[in-house]
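First up is the structure itself, then whatever we jot down about it.
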Amino acid sequence: MGDIMTGEKHVKEVNEETDVEFKWGNKLEVDEQNPTSQLYESFVYDGIEYSLFDCVYFGPEPVFSVGKLVKIWELPNHERMVEVVWFFRPEEIRDLFGDDESLQNELLLASGEGRGLSNVNVLEAISGKCNVVCASKDRRNPQPSKVELSMADFTFYRTFDVGSCRAVDNFPDTIAGIKVEYFFNRSDQRLLYPGTVPPNLNESVETSTRPSNIQQPKSVGKTFNCNSYGTKLSPIAEGSL
């Protein structure tokens, strides 16, 4: 790993093995749960800027998974970490709730409590950025235009409750301890939390935490238990906790 150059607003690091440039964005307040770790609002990795609540790919096509970034931080040893709340493709969970008709390019946002809701990953496990638009008629969701829907890589209008293993049209008030508004469409999300941690962001669930001294796999897939169905693994779940 190359030298770390510390600046007032960011830390810039170049990985000599891959020549991939990395740059931190704006710092947020110190993580109250892990005061030795530094939270960030955004970063630039391989020429792409990523921010909190962006949707990202993990793994190669066609077996990639899609998640929403809900936490970005750096450990004292300079290891870079992200926490994601997962989306499910209908074909991944169709056997759990029947032959439910799905829309083209539809995803279901994970909700409820249990395995499969969220995971912690090394930042370098991210393989790209994607555009996921919420088509729910929920009054809290800024309604997308036809153009925005046509330009979306994926859309979602409901959640998949990982605890009860069912598709749910009504959105809860919080998902993974975070206000649901942060999962809906946004006009300018950054205006909601300039330089601070979003409300309830520090609230976490057991499925989304892991000791920092455990060696991190390159990619952590989503896994969940569904009563008599046993354990369901995503296509990239090798190395999952």
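The values are calculated or read from the model by the stated rules, or taken from the named source; none is laboratory data. Not measured: the values here are computed from a predicted model. Using ideal geometry, Cβ is built from the backbone for each residue, glycine included, and neighbour counts are taken over all protein chains shown. Areas reflect the complete protein model, heavy atoms only, side chains present, ligands, DNA and RNA absent. Shrake-Rupley method; radii C 1.70, N 1.55, O 1.52, S 1.80 Å.
Scanning the stretch 119-152 for residues that are touching a Gly at 6+ places or on another chain (Cβ under 8 Å) and either hydroxyl-bearing (Ser, Thr, Tyr) or open to solvent by 80 Å² or more (accessible area, probe 1.4 Å) (or both) yields one hit, SER127.
Say we look at the stretch 82-102 and pick out the residues that are crowded, with 20+ Cβ neighbours inside 10 Å and touching a helix residue (DSSP H, G or I) at 6+ places or on another chain (Cβ under 7 Å); which of these is nearest to ASN119 (Cα to Cα)? Looking at the filtered set, the residue picked out is GLU83.
Note on the stretch 18-54: residues that are under 17 Å from SER118 (Cβ atoms), in contact with a strand residue (DSSP E or B) (Cβ under 8 Å, 6 or more places away or on another chain) and open to solvent by 10 Å² or more (accessible area, probe 1.4 Å) total 2. Listed by position, the strands (runs of 3 or more DSSP E) inside the stretch 128-197 whose residues that are modelled with pLDDT of 95 or more number at least 2 are 132-134, 154-156, 159-161.
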